[in-house]
Amino acid sequence: MPFPPPASEFQLKEKGISWVPRTFKEAIDCLAEDSVLAQTIGRSIWEEFIKIKRTE
């Protein structure tokens, strides 16, 4: 099943979404700031995951 086309900025704003990452680097940068995820999976695992993803 194919993916739907990306949403336009207008469509995102209509849904109340102010910003979404457009690149892998932006997504990892956002993920790195997610303290809830770090607490959930454990900071050491989270830090290692981010480090590995930054090298991809």
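The values are calculated or read from the model by the stated rules, or taken from the named source; none is laboratory data. Being a predicted model, the structure only gives us computed values, none of them experimental. For neighbour counting, all protein chains shown are included, and Cβ atoms are generated from backbone atoms with ideal geometry for every residue, glycine included. With ligands, DNA and RNA removed, areas are computed over all heavy atoms of the protein, side chains included. Shrake-Rupley method; radii C 1.70, N 1.55, O 1.52, S 1.80 Å.
Quick notes on this structure:
- A simple spin-label model places pseudo-atoms 7 Å from Cα toward Cβ; at Ile41 and Met1 they are separated by 2.5 nm.
- Residues Trp19, Trp46, sorted by accessible area with the largest first, give Trp19, Trp46 [1.4 Å probe; ligands and nucleic acids excluded].
- Reach of Lys53 by Cα under 23 Å, taken over lysines that are not fewer than 8 positions away in the same chain: Lys25
- Applying both filters, DSSP loop and at most 15 other Cβ atoms within 10 Å, to the GluC sites (Glu not before Pro) of region 7-53 gives Glu33.
- Placing +1 on the Cβ of every Lys and Arg and -1 on the Cβ of every Asp and Glu, with nothing else charged, gives the chain a dipole about its Cα centre of roughly 60 debye.
- Residues in the chain average 87 Å² of solvent-accessible surface per residue, probe 1.4 Å, ligands and nucleic acids excluded.
- With every protein chain in place, the chain: carbon and sulfur % of accessible area (1.4 Å): 63 percent
- Of the trypsin sites (Lys or Arg not before Pro) found in the chain, those in coil by DSSP whose Cβ has at most 16 other Cβ atoms within 10 Å are Lys15, Arg22.
- Theoretical FRET efficiency, 1/(1+(r/R0)^6), r = Cβ-Cβ of Glu33 and Phe10, R0 30 Å, to 0.05: 0.70
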